[in-house]
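The values are calculated or read from the model by the stated rules, or taken from the named source; none is laboratory data. Just so you know, these numbers come straight off a predicted model, no measurement behind them. Here the Cβ is made from the backbone with ideal geometry for all residues, glycine too, and neighbour counts use every protein chain on show. Protein only, heavy atoms only, side chains kept; ligands, DNA and RNA dropped before computing areas. Shrake-Rupley method; radii C 1.70, N 1.55, O 1.52, S 1.80 Å.
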Amino acid sequence: MGVSELVRAELARHDWTALSCACGDSAEHVPLLFETLLTAESPHDAFGYGLSGHVEDSCFIAECTGPAIGVILAALAGEVSPAVRSEFLETLLSAAYGSGYDDASPTARAHDEYRAMVQEGFWLLMQAGLTGSAQDAETMADLCEYYDLGDHKSAHYQALLRERVRAKTKRRAARRQQGRAPVLERDGDS
């Protein structure tokens, strides 16, 4: 795929060396993680370059989490591989469940900031949930529910996303019952 100019601009907007990473170091390596994920031609090429443990770690959020959300939304505005899209949606969900930088941090303020950022990307995220895999749809529905995204639209889109999960799960089960080999997951399949 590649790193878009929008992603490059969002990466350049932040002083990553001044931010802490969930791995315990500075976040100066986080742009490399994004670039590797976005340019990998196969999952094998991106092995070991996930965002978990850096942008968030078991729902623990770091100083770099907010800027990383901006990069994720910038990336989702363009084309990303299905695996990267899933990684980004899972990272957003983990950040939503996050517990804060440390015990003294104002977690509520961080969550309000993240909610506002994710709310701005509502339509990008809906597109990812409605066109991605069943897992993407389920992750997006959970994200919608947790943040109450879309305000009055939230319930409608959650139901639409959850129905997508049910329909895709039924189709997969029907293929198995008919004795057909499962189709490898492609963009939008699952």
(message) Tell me the residue from ALA75, ALA22, ALA68 that is in contact with a Phe, Trp or Tyr (Cβ under 7 Å, 6 or more places away or on another chain), within 18 Å of MET140 (Cα to Cα) and either at pLDDT 90 or above or part of a helix (DSSP H, G or I) (or both), please.
(response) ALA75
(request) For the range 15-37, name all the residues that are aliphatic (A, V, I, L, M) and either in contact (Cβ under 8 Å) with a residue 60 or more places away in the chain or open to solvent by 70 Å² or more (accessible area, probe 1.4 Å) (or both). (result) LEU32
(request) Please state which one of VAL3, VAL84 is under 27 Å from CYS144 (Cβ atoms) and touching a residue at least 12 places away in the same chain (Cβ under 8 Å). (result) VAL84
(request) Those residues that are small (Gly, Ala, Ser) and surrounded by 19 or more Cβ atoms within 10 Å (Cβ to Cβ), I need them from the range 110-150; list them, please. (result) ALA110, GLY121, ALA128, GLY129, GLY132, SER133, ALA134, ALA137, ALA141
(message) It is to be established whether one or more residues within the range 45-67 are open to solvent by 30 Å² or more (accessible area, probe 1.4 Å), hydroxyl-bearing (Ser, Thr, Tyr), within 12 Å of GLU87 (Cβ to Cβ) and touching a residue at least 40 places away in the same chain (Cβ under 8 Å).
(response) yes
(request) For ARG8, state whether it is outside any loop (DSSP other than H, G, I, E, B), at pLDDT below 95, open to solvent by 50 Å² or more (accessible area, probe 1.4 Å) and out of contact with any helix residue (DSSP H, G or I) (no Cβ under 6 Å at 6 or more places or on another chain). (result) no
(request) Only one of these is of a type in the set (D, E, K, R) and more than 22 Å from GLY132 (Cα to Cα): GLU10, GLU35. Name it. (result) GLU10
(request) Hand me the list of helices (runs of 4 or more DSSP H) wholly inside the range 102-179 holding 2 or more residues that are at pLDDT 80 or above and under 30 Å from SER20 (Cβ atoms). (result) 107-120, 122-131, 134-147
